[in-house]
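Below is one structure, written out as structure tokens, with a few remarks after it.
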Ligand SMILES: [Zn+2]
């Protein structure tokens, strides 16, 4: 039998009464004093888990309760009746700094794992299952933004455009689900000789790129690379990876502002970020296979990329040569 004092709350009035609480060996609890005399079975009483030295709350069947400051007696009694494990685990977790550090480490490792593996995995899953409407809205939205901030109408001759559109159609015929793919011409201005793929199958080629090319094959080689980005859904995956990382950071740091602003910033992310080397390599592979299968000389890709690199400035939308040290490696197999 264990005995201590408790504060009794009748659950109706705000009165607090000091009572004696007796923990009987037969798993019953007896409250006595200040006009209170109650006997209850342990199994009918709710007992709050131990949180440091905060008094335990014992809730009686009629919602009356008593607060017991002596946690050790409550724990000893629960242990005697084999009910201690759950509440003492919480106490253990909360009282041991080592568990706090372990939890922190877990958060860090988990976040790192999410960024390194989880985010790209889910971004890929989502990108390939994105409703067509969403895909289309993202592509159109991005194009509209670019039309406002950089592009002007194309000045390329109708004849060149017709030729390239015809070859792009032939390319489309070799791709599954390419009905939505479209080739658009724009004057690039500050972004100069360039081409890039937007969600929903929009490929934009700048007049400057067309002018820089010495044959249609060279433009086709670039388009094949861009189609590679479309087929693997790189633009949407990149946008989601970038925003997911930021959302994750916002979640961990508890700064929701960066989360909501990111949704708004999606087109900007698409425009400003360059693809990872992994994505570029995938698109190169695609171009390589296409050129081989269609008897387009591989030099076409090498020549146009080398010419772009000679005229390159910092302000590209898709920086073809953003990973400079890799450029030589990239082109090696095309040579
Ligand atoms: Zn690319």
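The values are calculated or read from the model by the stated rules, or taken from the named source; none is laboratory data. These numbers were taken from a predicted model, which means no experiment stands behind them. Here the Cβ positions follow ideal geometry from the backbone for every residue, glycine too, while neighbour counts run over all protein chains shown.
Some points to look at:
- Taking each residue of the stretch 200-229 that is closer than 15 Å to residue 156 by Cβ and looking for partners that are assigned to a strand (DSSP E or B) and more than 14 Å from the ligand (Cβ to nearest atom) with beta-carbon atoms closer than 6 Å, six or more apart or interchain, yields 203/183; 204/184; 204/186; 205/185; 206/186; 207/187.
Matching residues to (1) crowded, with 20+ Cβ neighbours inside 10 Å; (2) assigned by TED's automatic domain parsing to the domain that holds residue 238; (3) assigned to a loop (DSSP other than H, G, I, E, B):
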{"position": "142", "(1), (2), (3)": "yes, yes, no"}
{"position": "145", "(1), (2), (3)": "no, yes, no"}
{"position": "156", "(1), (2), (3)": "no, yes, yes"}
{"position": "159", "(1), (2), (3)": "no, yes, no"}
{"position": "163", "(1), (2), (3)": "no, yes, no"}
{"position": "193", "(1), (2), (3)": "yes, yes, yes"}
{"position": "197", "(1), (2), (3)": "yes, yes, no"}
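- Of the numbered criteria (1) modelled with pLDDT of 85 or more; (2) out of contact with any strand residue (DSSP E or B) (no Cβ under 6 Å at 6 or more places or on another chain); (3) not in a helix (DSSP H, G or I), the one residue 183 fails is (2).
- The listed residue being at pLDDT 85 or above, more than 15 Å from the ligand (Cβ to nearest atom) and surrounded by fewer than 19 Cβ atoms within 10 Å (Cβ to Cβ), out of 299, 306, 282: 299
Residues checked against (1) at pLDDT 95 or above; (2) within 15 Å of the ligand (Cβ to nearest atom):
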{"position": "153", "(1), (2)": "yes, no"}
{"position": "161", "(1), (2)": "yes, no"}
{"position": "188", "(1), (2)": "no, no"}
{"position": "198", "(1), (2)": "no, yes"}
{"position": "209", "(1), (2)": "no, yes"}
{"position": "219", "(1), (2)": "yes, yes"}
{"position": "225", "(1), (2)": "no, yes"}
{"position": "231", "(1), (2)": "no, yes"}
{"position": "235", "(1), (2)": "no, yes"}
